[in-house]
1. On the basis of being at pLDDT below 85 and either in contact with a helix residue (DSSP H, G or I) (Cβ under 6 Å, 6 or more places away or on another chain) or closer than 30 Å to residue 327 by Cβ (or both), does residue 457 make the cut?
2. For the stretch 22-47, give me the residue count where each residue is part of a helix (DSSP H, G or I), in contact with a helix residue (DSSP H, G or I) (Cβ under 6 Å, 6 or more places away or on another chain) and more than 22 Å from residue 62 (Cα to Cα).
3. Got at least one residue in the stretch 50-61 being touching a helix residue (DSSP H, G or I) at 6+ places or on another chain (Cβ under 9 Å), under 20 Å from residue 121 (Cβ atoms) and in a helix (DSSP H, G or I)?
4. Restricting the search to the stretch 287-304, which residues are farther than 14 Å from residue 343 by Cβ and touching a strand residue (DSSP E or B) at 6+ places or on another chain (Cβ under 7 Å)?
5. If residue 501 satisfies every condition in (1) crowded, with 16+ Cβ neighbours inside 10 Å; (2) at pLDDT 85 or above but one, which is the exception?
6. So is residue 338 surrounded by fewer than 17 Cβ atoms within 10 Å (Cβ to Cβ), over 15 Å from residue 282 (Cβ atoms) and assigned by TED's automatic domain parsing to the domain that holds residue 282 or not?
7. Being farther than 29 Å from residue 229 by Cβ and assigned to a loop (DSSP other than H, G, I, E, B) is the filter; apply it to the stretch 62-91 and report the residue that is nearest to the chain's Cα centre (by Cα).
8. For residue 205, state whether it is surrounded by 14 or more Cβ atoms within 10 Å (Cβ to Cβ), touching a helix residue (DSSP H, G or I) at 6+ places or on another chain (Cβ under 9 Å) and farther than 20 Å from residue 170 by Cβ.
């Protein structure tokens, strides 16, 4: 523990000085308010260092120093002076002071610098004492010292030079030892030592030389030098040790600090960014011109005042104080982002976006907080207008962040209607945007995210509503680029085009069926007309022949076939004439059964609440199924309509308990013209279902009954709420 005596006529300053030095943890400090008191205290206790004020009543600091040195007391002595007293500082160094320090700098920096000076000076004094003890000890200490140490014999011949000095002058030990110092040291340094060298030899007393500026291999250094006589056992001076210390930083500290502060202020003032520096109590220490202009205050109206109480609206103060105190307590020197308002001198409230960074010292204590701000008042107004538009738009407005990680930054409330999911669901689960997209279209979304610059103006995808229904969306995409030109986000507007796509698909099916209808009309009807004309010609040529009646009967058969074909074309023409719609399966089935004479058939259904997206001719599908059971199922007594799931598809199942359909005919029954009836019923059923992507197949067992399964893809079925 280093014992320090601090002398100053300002008791309040002494208390602060004592507290800071003892806070370091390696000093034990006593205080005195005058030189007289200090001398009395020193009679009772011993100290390693004295820190004295210069200007005091009675004896001043220089007189105190000279008194000690004249008494042979070489205790470490540091003089504290006021600003602009460089002459006093030089006098102190010339009188044997180890250091001097100007008052008036930042207290914390000042006392940490003082602690450093005490450490250095005490170590140096100890080094001088150890040198007197023995050659090996002082040589070891000298080699580890960062002072320039030189031992000179008679005539100024170099007997020893430490490593630090040899490195500074760029010479080896063999180039220095045994030569006169004037030939190896920088001229000004050699001259400075020579001027007092002889007096030390003759008097046997050490001499302290004040700071002088020297050119050491092109580097300008301020050095203080102490010449210490080395004596033999009889007390005769045999050589002189020169210890030179670099005090350049001390000599330049005041000017450097002032220049640095001015330079920093100029940098801050030239920036368009709003900047303010506050201490741990949120008191303003520094502001730049941009901040001052925005608020309408002069800088001296802000510096030294509480940031919160001066420029923050009253209703926001408590929140900001709580936030700032949390940062200070955590003492984490990381950048924090926040928004809070400020109020100008004229009373105008402006919204600010802040980056706040804590500055901490080596011990983790908060020294200051640097706040860089941006006035986002106008941006906030525009953002509010955009949000009002987005939150009331039917289309879904969204923004996806790509870098550094995928996340949904914003999605408008209309997504609840489109996808059946709330915006919060997408914020919590970044992958939900993939999960709702149809598996066959996820590659499009992945391409948007992984290669955004390759996309076009818009893209069409399918997604599943939470109720299982399929939706078509058209997305227009805008790229958002960062400062380096890379795409960092996507902004998109998604529009529900489900009805349009379904209508377009249905229209394509209608065109297809019109072509088929044209083919049927042209081919089949013309064939039957040819048959009719042929038999009429035969009947005409066979007048009076017994074959005439047979010919006429065949004509009647051909006419009947033509009628059936034309009736089919009438039904077929109706397919796709209306837009597909959501149809209640139970209601459509029961309505068709009610229009058919079913005899003793028992009808049962298990499809209540089920709706499918289908052509309005779905009723003809059920009509033909029931009609086939009545006409071809023989002794069928029961018919049942039910449903089940097969993967993502829903199966609507129609079954009876008749004789069933042979295995080889299960697919043939859907061919146009096949069977004992018209041959168009089941063909027509499959065509009606294909309009919306559904299909029908026969899966019954011959001898146990017919079983027709209608497959409805995911997105084209739903269940009505009870």
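The values are calculated or read from the model by the stated rules, or taken from the named source; none is laboratory data. Just so it is clear, the structure is predicted and the values come from calculations on it, not from any experiment. Here the Cβ is made from the backbone with ideal geometry for all residues, glycine too, and neighbour counts use every protein chain on show.
1. Details: at pLDDT below 85: yes; either in contact with a helix residue (DSSP H, G or I) (Cβ under 6 Å, 6 or more places away or on another chain) or closer than 30 Å to residue 327 by Cβ (or both): no.
Against the criterion (at pLDDT below 85 and either in contact with a helix residue (DSSP H, G or I) (Cβ under 6 Å, 6 or more places away or on another chain) or closer than 30 Å to residue 327 by Cβ (or both)), residue 457 does not qualify.
2. Narrowing the stretch 22-47 to residues part of a helix (DSSP H, G or I): 22-24, 35-44.
Still in the running and in contact with a helix residue (DSSP H, G or I) (Cβ under 6 Å, 6 or more places away or on another chain): 24, 35.
Add one more test, that the residue is more than 22 Å from residue 62 (Cα to Cα), and what stays is 24.
The number of residues fulfilling the criteria is 1.
3. yes
4. 287, 288, 290, 299, 303, 304
5. The one condition residue 501 does not meet is (2).
6. Working: surrounded by fewer than 17 Cβ atoms within 10 Å (Cβ to Cβ): yes; over 15 Å from residue 282 (Cβ atoms): no; assigned by TED's automatic domain parsing to the domain that holds residue 282: yes.
No; evaluated as a whole, the condition is false for this residue.
7. 83
8. Values: surrounded by 14 or more Cβ atoms within 10 Å (Cβ to Cβ): no; touching a helix residue (DSSP H, G or I) at 6+ places or on another chain (Cβ under 9 Å): yes; farther than 20 Å from residue 170 by Cβ: yes.
No; evaluated as a whole, the condition is false for this residue.
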